[in-house]
Amino acid sequence: MQDEKRILIVDDDHDFAEAISCFLEMNGFTVFQARNGEEGVRLAKTKHPDLILMDIMMNERTEGFFTIHEIRRDPLLKNVPIFVLSSFCTRLPDFEVPSSGWLSHDMFFTKPVDTAQLLEKIRQRVAMAV
């Protein structure tokens, strides 16, 4: 297969991460999983993903926020698209609007995720990076 795109999933929900991982692998992506923010940053730096799927609430309520900020501070990772997948943040104003400025993410998806829509948006975003 030519130039498989690499996706990093950062989520402490093992079942959710496994289900999304299997779905993406069946659709031609190489997938890496991190169970917390620290592991997510480490894998992002070593695996150089084309896109990151990030949960917000993990071991700590705001772990995903800090992980995104850490990734964005790295010059080699700052332009990697980050899609937030969360049920927590739907109650916060303007979170679904990436240009709101208070959290540097590219797209927001509410859990449970519509996998067909997620796949479409991932394909669009990684195609833009080619």
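Descriptive notes on the structure:
- R0 of 35 Å, Cβ-Cβ distance ASP3-SER87: FRET efficiency to nearest 0.05: 0.60
- Taking other Cβ atoms within 10 Å as a rough exposure proxy, THR67, THR110 sort from fewest to most as THR110, THR67.
- Computed lengthening from GLU25 to LYS45, 0.36 nm per intervening residue step minus Cα-Cα distance: 5.1 nm
- Spacing of the modelled spin labels on HIS69 and GLU120, each 7 Å from Cα toward Cβ, amounts to 3.5 nm.
- Straight-distance candidates among the lysines for linking to LYS45, with alpha-carbon spacing under 21 Å and chain neighbours fewer than 8 residues away dropped: LYS5, LYS78.
- Distances between placed amide hydrogens fall under 5 Å for ILE9 paired with PHE32, GLN33, ALA34, LEU53, all partners being 5 or more residues away or on another chain.
- Percentage relative contact order, region 1-67, counting C-alpha pairs under 8 Å, at least six apart: 40 percent
Any read-out appearing in this document is the output of simple, stated calculations on the displayed coordinates, not a laboratory observation. Computed from a prediction, not measured in an experiment: that's the story for all the values here. Glycine also receives a Cβ, built like all others from the backbone with ideal geometry; neighbour counts cover every protein chain displayed.
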